[in-house]
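Single-structure report; data block below.
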Amino acid sequence: MLDDFLIRALLAGLGLALVTGPLGSFVVWRRMAYFGDSTAHASILGVAISLAFHMSIYLGTLSVAIAMAVLVTVLTNRGQAMDTVLGVLAHSALAFGLVAISFVPSARSDLSAFLFGDILAVQRFDLALIWAGALCVLALLCWRWQRMVTATVNEELAMAAGIDPRLERLILSLALAVVVALAIRVVGSLLISALLIVPAAAARGRVSTPEKMALLATGIAVISVASGLWASLQFDSPTGPSIVSASAVYFAIAQIFRRV
Amino acid sequence: MRGLRKGRCCVTPLIKASNLSIHRSGTTEAVLKQVDFSIRPGEIVTVVGPNGSGKSSLIRALLGHMPLASGGVARKAGLRIGYVPQKLQLDSAIPMTVRRFLSLPRRVSDSVARTALETTGVPGIEQRQLTRLSGGQFQRVLLARALLHEPDLLVLDEPTQGLDQPGIVAFYQLIEDVRQKTGAAILLVSHDLLVVMRASDRVICLNGHICCEGTPEDVSVDPAYHALFGSGARGTLALYHHHHDHDHGAVCEPKLGQGGFSVSANDTHVTEQTRA
Ligand SMILES: Nc1ncnc2c1ncn2[C@@H]1O[C@H](COP(=O)(O)OP(=O)(O)OP(=O)(O)O)[C@@H](O)[C@H]1O
Ligand SMILES: [Mg+2]
């Protein structure tokens, strides 16, 4: 069964959808929409480093993504606004990545395949990696959920309850970096960035509590993956973009029925 | 009841700060200089002072939310604090009902939540979104949340902002009730000088340092208090005496070189008249 590329693509998409629901909700609440792009751009730098030092590309991109998450946290702790920090880092990471990769000629051809990924080419190893990453991050989110939500609502109230908002921010950034870095390699940066933002944005406005929003976002992400895959099969369209398009359609529908 | 609380010198304070100094972040410019502070169980202490005088900074330092430039803060082990910050900007991006908010970060049962909301005068708003509340309703929800876990100390930074006039009076009544029922100490920041003088055991005038400190009757005749608040403070004592009929003649203890003197109730009236 697992040999079937469609089944593997579906499983990879579902594994990601499971974790992008709650993670994406935090992305929307904390205005971190550019996090996916920043990490994707930083990954280019990671690829260059991996090839230059003959490391595994997973390892290279993951370490660069983690370094970026730490940098994001440090800069926001110093009082910079999250959207500004992510904007600055996204562009500088891309520029540094392109400069770095120009020194590693063998990497240039891989670049576009890397950035856009191909969910239909997912191998068993990739699948195992995505599910392991997704389940670990989900467990982490469940464990720290109350603390992270409190810190997101208001940092002063969180501190008064003995929660360190900076720690929660670091953990969230690290979780995001790990998921994005794993997913980029497999499904491409477009798909993972979109899966983080669009379903959560679609879920907002219909729900009354953070938990309901996270669940609804997960549901929308799952349906987007399934219907996008189906559409791509039906119309012979590229798979990743079809999944993103499907989620965009659900977002549009949600706007029509939005509780104002 | 104020009289009953005098002379409890030997009770361990809930929070004790000594020689506390705070600098504006990244500079050596002092926001607070050499402040000594302590609050005992069951005491109502109010901090007054002009805008920017460091009231909120003092509170945040006492709670441990702020780096100190010098001095130290000792909190009693296991101290439970209910805190209502002065400014609480809520981000509309996160959906949050009042009920869910009360369960952050520690979950509470529905009945506990209902009782807390009833106590603070906003019953039945559990299912409303936080961002859809009026300023006063939100303030009451914050207070309800601060009351949830049987605090030993309530720290309230300008809790009456946005409350209507009956609401302010009811609020101080509520504070007094809470103190009576639970024995919690209460640390307040407030600009309602008239009410502060009636409802506090001790008043601290702050302006970068402690200008004067003591019982309301001491503070209201302190020159430093009048220097800080000018004509706005003039009526407070008259009103204060109007509402209180317990014995006067308390000794005004000198603080921070403000000069020591003692006054009787009669003297204060004379002082007031000559000033006016
Ligand atoms: N977040 C901050 N960053 C930098 N400086 C600050 C910050 N908050 C307050 N300050 C400075 O610290 C000083 C004391 O501020 P604080 O908020 O403690 O005053 P306050 O007495 O509570 O005033 P108010 O009555 O207006 O609430 C002010 O001079 C202010 O400029
Ligand atoms: Mg203040």
Residue B:67 vs. criteria outside any helix (DSSP H, G or I), more than 14 Å from every other protein chain (Cβ to nearest Cβ) and either over 27 Å from residue A:165 (Cα atoms) or under 23 Å from the mean Cα position of the chain (by Cα) (or both): no
Which listed residue is of a type in the set (Gly, Ala, Ser), surrounded by 19 or more Cβ atoms within 10 Å (Cβ to Cβ) and over 18 Å from residue A:14 (Cα atoms), from A:183, A:177, A:194: A:177
Check on residue A:92, surrounded by 17 or more Cβ atoms within 10 Å (Cβ to Cβ) and part of a helix (DSSP H, G or I): no
Selected residue (only one of B:151, B:123 is more than 16 Å from ligand 2 (Cβ to nearest atom), surrounded by fewer than 17 Cβ atoms within 10 Å (Cβ to Cβ) and either at pLDDT below 95 or not in a loop (DSSP other than H, G, I, E, B) (or both)): B:123
Meets criteria (of a type in the set (Gly, Ala, Ser), within 14 Å of chain B (Cβ to nearest Cβ) and free of Cβ contacts under 8 Å to residues at least 40 places away in the same chain) for residue A:79: yes
Qualifying positions in region A:20-40 - over 10 Å from the mean Cα position of the chain (by Cα), touching a residue at least 60 places away in the same chain (Cβ under 8 Å) and part of a loop (DSSP other than H, G, I, E, B): A:30, A:32
Matching entry among B:104, B:90 (being crowded, with 20+ Cβ neighbours inside 10 Å and away from ligand 1 (no atom under 16 Å from the Cβ)): B:104
Selection within region B:88-107 - in contact with a helix residue (DSSP H, G or I) (Cβ under 6 Å, 6 or more places away or on another chain), within 11 Å of residue B:145 (Cβ to Cβ), more than 7 Å from every other protein chain (Cβ to nearest Cβ) and assigned to a loop (DSSP other than H, G, I, E, B): none
Residue selected from region A:123-134 under the condition assigned to a helix (DSSP H, G or I) and touching a helix residue (DSSP H, G or I) at 6+ places or on another chain (Cβ under 8 Å), by the criterion farthest from the other protein chains (Cβ to nearest Cβ): A:124
Residues being closer than 17 Å to residue A:163 by Cα, part of a loop (DSSP other than H, G, I, E, B) and within 13 Å of ligand 2 (Cβ to nearest atom) - total across region B:74-87: 1
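The values are calculated or read from the model by the stated rules, or taken from the named source; none is laboratory data. Please read these numbers as outputs of a predicted model, since none were measured by experiment. Note that each Cβ is placed from the backbone with ideal geometry, even for glycine, and that neighbours are counted across all protein chains shown.
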